[in-house]
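See below for the structure under consideration.
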Amino acid sequence: MKHRVYYVFLLVILAACQNEIRPAAPLGERASLDKLASAYETLSEPLPVSPTGLTPSGKLKFVQKVFAQAGYDFDATLQALAQTPPQALTAYHKDMMELVLLPSQGLSEQDTGALYGDAQLASIVKIKTLSSR
């Protein structure tokens, strides 16, 4: 019985280690964009097409992997970017917006809604509004 408890405890610890919590990418910082650009290049090398040539869901998975490889959380970054005051936007914010909006480029509102979950969609709508300023 004791061994089962230890075994379950070990599995819980291993699961927690694999699901590490990543922060949002720092906004307005060149260093975070450089890390994302490096991850983008690394992950795009083995692809048979350019990341922009992937399906919308393929683009979303790709961008999520880019953020993970750079050590950041995609969803947390979406939320942080969506909350940026318009007067605080810099060229670095615009570059970040371009990356996070890649999956929804050229999509109708309906298709964009089908691509993202509710929380992601709310952030995407706000980011699109910010990026058009």
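Read-outs throughout are calculated quantities, based only on the coordinates presented, and are distinct from any laboratory measurement. If you're wondering where the values come from, they're calculated on a predicted model, not measured in any experiment. A quick note on method: Cβ atoms are made from the backbone with ideal geometry, for glycine too, and the neighbour counts reach across all protein chains shown.
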- prompt: Using alpha carbon coordinates only, what is the Rg to Rh ratio of the range 23-131, with Rh defined as the Kirkwood radius?
  reply: 0.94
Rounded to whole Hz, the Karplus (6.51, -1.76, 1.60) HN-Hα couplings of the range 85-93, x for glycine and proline: x, x, 6, 8, 5, 10, 4, 5, 4
- request: Please order Thr129, Thr77 by the number of other Cβ within 10 Å, starting at the fewest.
  value: Thr129, Thr77
query: In nm, to one decimal, how far is the Ala91 label point from the Ser132 one, both placed 7 Å along Cα→Cβ?
result: 2.5 nm
- request: Please report the relative contact order for the range 23-131, taking Cα pairs under 8 Å with a sequence separation of at least 6, and give it as a percent rounded to a whole number.
  value: 35 percent
Under 17 Å from the Ala31 label point (7 Å along Cα→beta-carbon), backbone N, the range 69-100: 70-73, 92-93
